[in-house]
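Bear in mind these aren't lab numbers, they're just calculated from the coordinates by the rules spelled out. On a predicted model such as this, the values are computed, not experimentally measured, just so you know. Here the Cβ is made from the backbone with ideal geometry for all residues, glycine too, and neighbour counts use every protein chain on show.
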Amino acid sequence: MSHHSQLPRRSPEEQARLDAMLRELFEHRLCFHEVIGFRIVSLEPASPKLEFAMRPDLIGHYLHGRLHGGVIATALDAVAGLAVTIAIAEKFNNESADQVAQRFGRVGTIDLRTDYLHQGIGKKFTAAGRITRLGGRIASVQMTLENDAGLLIATGGASYVIS
């Protein structure tokens with residue numbers, strides 16, 4: 001056990017502050033996320049989720065009306081970044097929201113792989129992330145994107161520098 005886990009966990013009030021800060025950051029302050037319309041639907045550490053609605057300006061193929069592949073990759077990257085941030089917040093669960101925000105400022109995507117499985121057809125899409133490894137310097141994540149019918153549109157894997 002590392003020393004930081006012996007310290008008392010942040011208070012429920014501070015956790016609520018952190019959750020609100022994560023929503024503000026991922027939905028609004030990351031401007032491209034706001035353009036796409038991401039909304040956090042779960043901050044559950046085991047599987048954080050965000051969703052977004054289909055819109056005409058997210059279409060990548062005008063004949064088929066399907067979601068642009070870049071939007072799919074961005075959704076996977078965004079939810080993976082959220083998963084990493086939550087995992088860091090859990091690892092250092094004695095730290096304040098502001099301290100966690102400082103750590104997030106040092107998170108960066110190293111590698112992002114997207115597997116496109118089905119056409120991006122749907123009214124709404126949900127992306128979920130799962131941490132597979134949280135090291136001292138590198139975090140690894142697996143991601144999924146489903147449509148509103150529960151069809152798996154894409155999967156992905158990513159690595160992030162966290163130090």
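The residues TYR160, TYR62, when put in order of fewest to most other Cβ atoms within 10 Å, stand as TYR62, TYR160.
Put +1 on the Cβ of every Lys and Arg and -1 on every Asp and Glu Cβ in the stretch 3-161; which of PHE26, ILE88, VAL161 then has its Cα farthest towards the positive end of the dipole? Final value for the positive-end residue is VAL161. For LEU67, LEU152, the sequence from fewest to most other C-beta atoms within 10 Å is LEU152, LEU67.
Calculate for the chain the 222 nm mean residue ellipticity that helices alone would give, adding -39,500 (n - 2.57) per DSSP H run of length 4 or more and normalising by residue count, nearest 500 deg cm²/dmol.
-9500 deg cm²/dmol
Only one residue of PHE52, HIS118, ILE36 has its Cα farthest out toward the positive end of the dipole of the stretch 3-161, where Lys and Arg carry +1 and Asp and Glu -1 on Cβ, and that residue is HIS118.
Net charge dipole, the chain: roughly 220 debye, given to the nearest 20, about the Cα centre with Cβ charges of +1 for Lys and Arg and -1 for Asp and Glu. Here the Gaussian network model covers the chain, with springs between Cα atoms less than 10 Å apart; of PHE32, PHE52, PHE125, PHE32 fluctuates the most.
Estimated from the Cβ-Cβ distance and a Förster radius of 35 angstrom, the FRET efficiency linking ASP19 and LEU63 is about 0.25. Our analysis of the chain gives Rg over Rh at 1.00, with the two radii drawn from alpha carbon positions and Rh computed by the Kirkwood formula.
When a footprinting reagent is the concern and you count Cβ atoms within 10 Å, what order do LYS124, LYS49 take, fewest first?
If I rank by nearby Cβ atoms, fewest first, I get LYS124, LYS49.
With contacts taken as Cα pairs under 8 Å at a separation of at least 6 residues, the stretch 7-130 carries a relative contact order of 34 percent.
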